[in-house]
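Engineer: One structure, as structure tokens, below. Some questions next.
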Amino acid sequence: MNAMNTLSADLLRARIAQHLTYTMGKDKAHASTYDWRMAVSYTVRDLIVDSWFEATRKTYEEQGKRVYYLSMEFLIGRILEDAVINLGLHEQIEEVLAEDGMSLMDVVENEPDAALGNGGLGRLAACFLESMSTLGCPAFGYGIRYEHGLFRQRFQGGRQVETPEDWLNQPHPWEFERPEACYTVPFKGHVDTRDGKATWHPAETVLARAYDTPVVGWQGKWSNTLRLWGAHPTELFDLERFNSGDHTAAAAPEALARTLSRVLYPEDTTDSGKELRLKQEYFLTSAALQDILRRFLSEYDDLSLLPQKVAIQMNDTHPALAGPELIRLLVDVHGLEWDRAKTIAQGCLNYTNHTLLPEALEKWSTWLMGRVLPRHMQIIERIDAEHHAATDCPPDLRIVHHDQVHMGTLAFVMASHVNGVSALHSDLMKQTVFADLDRAYPGRILNQTNGVTPRRWLKLSNPALSQVITETIGTGWEDDLDRLKELTEHDSPDLRAALRRAKRANKVAFGNWVQANMGLTLDPDAMFDVQIKRVHEYKRQLLNVFETIARWNAIRKNPGADWTPRVKIFGGKAAPGYFTAKEIIRLINDVAKVVNNDPLTRHLLQVVYPANYNVSMAQRLIPAADLSEQISTAGKEASGTGNMKFTMNGALTIGTLDGANVEIREHVGAENFFLFGMTADEVLERYRKPDHARSAIMASQELQDVLQMLAEGRFNPEEPTRYHGLLDHTWNHDPFLVASDFSAFLACQTKVDAAYADTDRWDGMVLRNIAGSGYFSSDRTIRGYMEQVWDAKSLLNR
Ligand code: 26V
């Protein structure tokens, strides 16, 4: 039983009123939604603090192994709603707020998203934090407290325009600033070596200051800490310069230091080789490792115990300096021998790979690395020499090669375990990018298929469906998601109808939001066909928009046919410097403008692209989706996590055999999944055909028609040549095989139409998707990491 459930509305009423008066300094008559949100947030936060202290006490007492999750990104979204759901305080707070004419929804929606991440990798880190707390795994998340998270997206004439995000311009009620938890992070300068001992004389230093956010698990039984580092100057300002009148120069040290935690890098694939990014990565890594060692040494005095007490997870290669940094701290600061230090470091570290796209594999020039981190460059050279000596690897398998430091190789060599994020992805790691390293270090690569937290992605975002589930199988599925399987035992016309009603209610709610925000009226009985994710060529939004155009053509040719009405919904941001992705966004918006204004087809086809897709928009959109588009070129999407959220929420997937789609299909049953397209092997084969694009285009009249319309500027008569570049790209390059998979996609979409028209059949498929989604809870994933990677134990109920 959740202790919080017994908290009376009276107590909450008193505490909220207390915070409104004494923390916010407002009386009820003048309190704004913001004031209420802060008062409610402080009230809820107070309720978490006790379990937070209790978890810390227990971890010290049991001398448990701690897990440290190092990530440059945590895409958290809103915090209050999550805490309220996990504490089970929904109804009581709603009741209290209603007395003053407020609603929990208004209060919750007043909170800005914490958008400290780009996409899947950052959102995964946020789901993992929540699951680690739910499972009582003693853990810390370490990241950067970016002042500005991921940019906001607007559309101007259909084009993406970026504006800075500013979540910290209001006080952030969830963090505790820790001025005493503060570390010096050194940069640049030179290294002296005397009698075999290296001394680094840095030329710059920055202070890393901790800001802690408690992360509460399901039912408030355990809370861990997300510790984000803010950069501060070591010297406040140059008083001499200030006194001499040079006020700008006097503030320079402060400005320089703060740059390090100013803004999240918005690229999520291209490694741009920027010095600031390298400094950010080291800033996070060094602060985290100093903190880890300080905590360890406060409890133990033998550093050899470190691997027994500490597991460090590197979320992609971004914190891969953890290897050399840990060795540096152990050798240079704590006086250990090199071999011992390296063995200890390897015993603690693990590395998760999140992409095989070559352009996303981080590399740093030895020149930059040597200038910014001269001591680390020496350490990396030595690790590399020993790696070479031990494995006799060819030059291209070395960490340093062609004057570049290969961070993937460094992370791999320094880790106990290396994992991919879906079965297919882990297999491909072994067959391709990491094949030789896998042979040199057999058994090091494992798989841990991603998952998502069902608390945020089902219970919180889809109360209508959650209620149907609870009414059918009872409570307790929230932290035991395999229980969703029981739904199949209750399959009945009544259950199917209930699922359908819940979905329709969510579609109506989303339709109202679109009406209010975009002025478009959606038909809730049309199929909501959704593709939401970062815009990338490999994710093939282009394939989806080509299909949209082909569908429009087909309807116009035969408007009287028995069409299944569809709303095509897109959402997602492009990296600011990614030209082709931005062209694709503009094309979708141009197509939307024309198609939505066609009186002949309007009732059968609409295209909606709300700007600024983020976690909160995902929470509205996913519960309202009928069809989930997971159509990446096979072999390119490491896992996907959106695909899992849709399945849990009763959307059917149209997808390729890529990433975790493969496992989703196995769990929901092949007959309940719309599969199309080439396999990863067939993709490789297809690339060998020099005219793959042209020959595929010539084989499809529908695709030729689409391309012809773009050539003529059918969607942009004001500038008919607008998409000629994109067309040339498609005809002559088509790097992600849009043309080659087009016909299969079209044919599969026709099957989707037929299935949707058969309501009962569709509802049965929906039921089996929800029932089969239990495997994709991040609780299952975290259990896998605890057992197979970290060797960590839950401290709950002990
Ligand atoms: C790379 C870089 C390069 C330098 C600039 C900043 C930056 C930021 C992120 C990345 C890596 C992005 C990799 C990524 O997000 N992978 C996604 O990870 C998800 C969680 O495992 C997975 O579901 C997606 O399939 C995968 O694309």
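Engineer: Give the long-range amide H neighbours of Asn419: residues separated by 5 or more places, or on another chain, with amide H under 5 Å away, using H modelled in the peptide plane at 1.01 Å from N.
Structural biologist: Result for Asn419 returns Tyr351, Thr352, Asn353, Leu446.
Engineer: Another one. Note down the relative contact order for segment 578-736 as a percent, whole number, built from C-alpha pairs under 8 angstrom at least six residues apart.
Structural biologist: Relative contact order, segment 578-736: 17 percent.
Engineer: Residue-wise, which Karplus ³J(HN,Hα) couplings in Hz belong to segment 788-797, taking 6.51 cos²θ - 1.76 cosθ + 1.60, θ = phi - 60°, and x for glycine or proline?
Structural biologist: Once rounded to whole Hz, the list reads 9, 10, 8, 6, 10, 10, 6, 9, 6, 6.
Engineer: Could I ask something else about it? From the P(r) of segment 518-759, could you give the percentage of C-alpha pairs in the tail past 30 Å?
Structural biologist: 20
Engineer: Tell me the relative contact order for the chain as a rounded percent, counting alpha carbon contacts under 8 Å between residues six or more apart.
Structural biologist: 13
Engineer: What accessible area per residue, rounded to a whole number of Å², is obtained for segment 644-695 using a probe radius of 1.4 Å?
Structural biologist: 39
Engineer: Now a separate question. If Lys and Arg each add +1 and Asp and Glu each add -1, what is the summed charge of the other residues whose beta carbon sits under 12 Å from the beta carbon of Gly347?
Structural biologist: Overall, the nearby charge balance is +3.
Engineer: Going by a ≥ b ≥ c, the root eigenvalues of the Cα gyration tensor, does segment 296-404 fall in the rounded group (a/c under 1.5), the prolate group (a/b larger than b/c) or the oblate group?
Structural biologist: prolate
Engineer: Quick one: plug the Kirkwood hydrodynamic radius of segment 155-300 (C-alpha pairs) into Stokes-Einstein at 20 °C, 1.002 mPa s, and report D in µm²/s.
Structural biologist: For these conditions, the coefficient is 115 µm²/s.
Engineer: Let me ask something else about it. Counting helices only, and only those DSSP H runs with n ≥ 4, report the 222 nm mean residue ellipticity of the chain as the sum of -39,500 (n - 2.57) divided by its residues, in deg cm²/dmol to the nearest 500.
Structural biologist: Computed mean residue ellipticity for the chain: -14000 deg cm²/dmol.
Engineer: What number comes out for the charge environment of Arg178, summing +1 per Lys or Arg and -1 per Asp or Glu over other residues with Cβ under 11 Å away?
Structural biologist: So the environment of Arg178 carries a net charge of -3.
Engineer: Net charge near Val752, counting Lys/Arg +1 and Asp/Glu -1 over other residues with Cβ under 14 Å of its Cβ?
Structural biologist: Overall, the nearby charge balance is -2.
Engineer: Still on this model: What share of the DSSP beta bridges in the chain is antiparallel, in percent to the nearest 5?
Structural biologist: Roughly 45 percent of the DSSP beta bridges within the chain come out antiparallel.
Engineer: Something else about it: Any chance you could check the Cα centroid distance between segment 48-120 and segment 169-188 for me, in angstrom?
Structural biologist: Between the Cα centre of segment 48-120 and that of segment 169-188, the gap is 19 Å.
Engineer: Could I ask something else about it? Tell me, what % of the accessible area of segment 518-759 is carbon and sulfur with a 1.4 angstrom probe?
Structural biologist: 53
Engineer: On a C-alpha basis, how far is the centre of segment 284-363 from the centre of segment 675-740 in Å? Whole number, if you could?
Structural biologist: 46
Engineer: Hey, what's the Cα Rg ratio for the chain versus the globular rule of thumb, 2.2 N^0.38 Å?
Structural biologist: 0.97
Engineer: Whole-Hz ³J(HN,Hα) for each residue in segment 417-422, computed from phi via Karplus 6.51 cos²θ - 1.76 cosθ + 1.60 with θ = phi - 60°, x for glycine and proline: what do you get?
Structural biologist: Here the 3J(HN,Hα) series is 10, 10, 10, x, 10, 7 Hz.
Engineer: Could you run the Karplus curve 6.51 cos²θ - 1.76 cosθ + 1.60 with θ = phi - 60° over segment 26-32 and give me ³J(HN,Hα) per residue in whole Hz, x for Gly and Pro?
Structural biologist: Along segment 26-32, the couplings run 10, 9, 4, 4, 10, 6, 8 Hz.
Engineer: Given 20 °C and 1.002 mPa s, how large is the Stokes-Einstein diffusion coefficient of segment 660-798 in µm²/s, with Rh as the Kirkwood radius over Cα pairs?
Structural biologist: My calculation gives 113 µm²/s for D.
Engineer: Can you list residues whose amide H is under 5 Å from His536's amide H, if they're 5+ apart or on another chain and H is modeled 1.01 Å from N?
Structural biologist: Gln541
The values are calculated or read from the model by the stated rules, or taken from the named source; none is laboratory data. Remember, it's a predicted structure, so these values are computed and weren't measured experimentally. Don't worry about glycine lacking a Cβ; one is built from the backbone with ideal geometry, like all the others, and counts go over all protein chains shown. Keep in mind that these areas ignore ligands, DNA and RNA; they rest on the heavy atoms of the full protein, side chains included. Shrake-Rupley method; radii C 1.70, N 1.55, O 1.52, S 1.80 Å.
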